[in-house]
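Notes follow the structure.
The values are calculated or read from the model by the stated rules, or taken from the named source; none is laboratory data. What you see is a predicted model; the values in this text were computed from it and never measured. When we count neighbours, we look across all protein chains shown, and the Cβ atoms used for this are built from the backbone with ideal geometry, even at glycine.
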Amino acid sequence: MDRIASFSVDHDKLNKGMYVSRIDGDVITYDIRMKKPNGGDYLQNGAMHTFEHLFATYARNSRFKDSVIYIGPMGCRTGFYLLMRNNVSISDTIALVKECFAFIKAFSGKIPGSEKKECGNYLEHDLEGAKLTAADMLTVLENWKESNTSY
């Protein structure tokens, strides 16, 4: 089989940030890298799960909600994938991600979709861990721009 593009990225050189992973027709896949690959520090399941609920809730209620295709964690627990239609510019997507992360950092209250009838693992959430991750990534992305999105 052919080697897929994401396995061709040199993970030894990859740092935290937001990257354009691939463009397929009208879909842009973003690699939002929240942990240094193979660094020994990974997203913890509860925090990652809560982060996913809050990230998806905000993005799918934003002005770009009709262009959000998918938001989900990486299996390696170093970040998230965000798939967007290309009718949203890379700069606007960076701004959206920053808005999402600010929302997560400031969030208090009941986690959306965290009831047993709404979630397949409703007991494993960690709001404080999600908030710490969001705060860290806001620092990483503070001056991020389109020119930073290439691997």
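Can you tell me which of PHE64, PHE51 is aromatic (Phe, Trp, Tyr), in contact with a helix residue (DSSP H, G or I) (Cβ under 9 Å, 6 or more places away or on another chain), modelled with pLDDT of 95 or more and within 23 Å of THR139 (Cβ to Cβ)? Explain how you work it out, then say what you get.
Working: PHE64 fails: within 23 Å of THR139 (Cβ to Cβ).
Every option except PHE51 fails the conditions.
Answer yes or no as to whether ARG3 is buried (at least 21 other Cβ atoms within 10 Å of the Cβ), without any contact (Cβ under 8 Å) to a residue 60 or more places away in the chain and among the charged types (D, E, K, R). Let's see the steps before the verdict.
On the way: buried (at least 21 other Cβ atoms within 10 Å of the Cβ): no; without any contact (Cβ under 8 Å) to a residue 60 or more places away in the chain: yes; among the charged types (D, E, K, R): yes.
No; evaluated as a whole, the condition is false for this residue.
Restricting LYS16, LYS98 to residues that are within 17 Å of LEU141 (Cα to Cα), within 11 Å of the chain's Cα centre (by Cα) and charged (D, E, K, R) narrows the list to LYS98.
If only residues of segment 1-55 that are basic (Lys, Arg) and not in a strand (DSSP E or B) are counted, the one that is farthest from TYR70 (Cα to Cα) is LYS13.
Whether a residue is more than 23 Å from ASN121 (Cβ to Cβ), in contact with a strand residue (DSSP E or B) (Cβ under 7 Å, 6 or more places away or on another chain) and surrounded by fewer than 17 Cβ atoms within 10 Å (Cβ to Cβ) was assessed, and ARG33 does not pass this test.
This table checks each residue for (1) surrounded by 14 or more Cβ atoms within 10 Å (Cβ to Cβ); (2) touching a residue at least 60 places away in the same chain (Cβ under 8 Å); (3) within 23 Å of GLU146 (Cβ to Cβ).
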{"residue": "VAL9", "(1), (2), (3)": "yes, yes, yes"}
{"residue": "GLY39", "(1), (2), (3)": "no, no, no"}
{"residue": "PHE51", "(1), (2), (3)": "yes, yes, no"}
{"residue": "SER67", "(1), (2), (3)": "yes, no, yes"}
{"residue": "SER89", "(1), (2), (3)": "no, no, yes"}
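The listed residues are LEU96, LEU82, and the only one of them that is crowded, with 18+ Cβ neighbours inside 10 Å, under 17 Å from ARG22 (Cβ atoms) and not β-branched (Val, Ile, Thr) turns out to be LEU82. The residues of segment 99-114 that are surrounded by fewer than 17 Cβ atoms within 10 Å (Cβ to Cβ) and among the charged types (D, E, K, R), listed by number, are GLU99, LYS110. ILE71 passes all but one of (1) of a type in the set (Val, Ile, Thr); (2) within 23 Å of SER8 (Cα to Cα); (3) in a loop (DSSP other than H, G, I, E, B); which number fails? It fails just one condition, (3).
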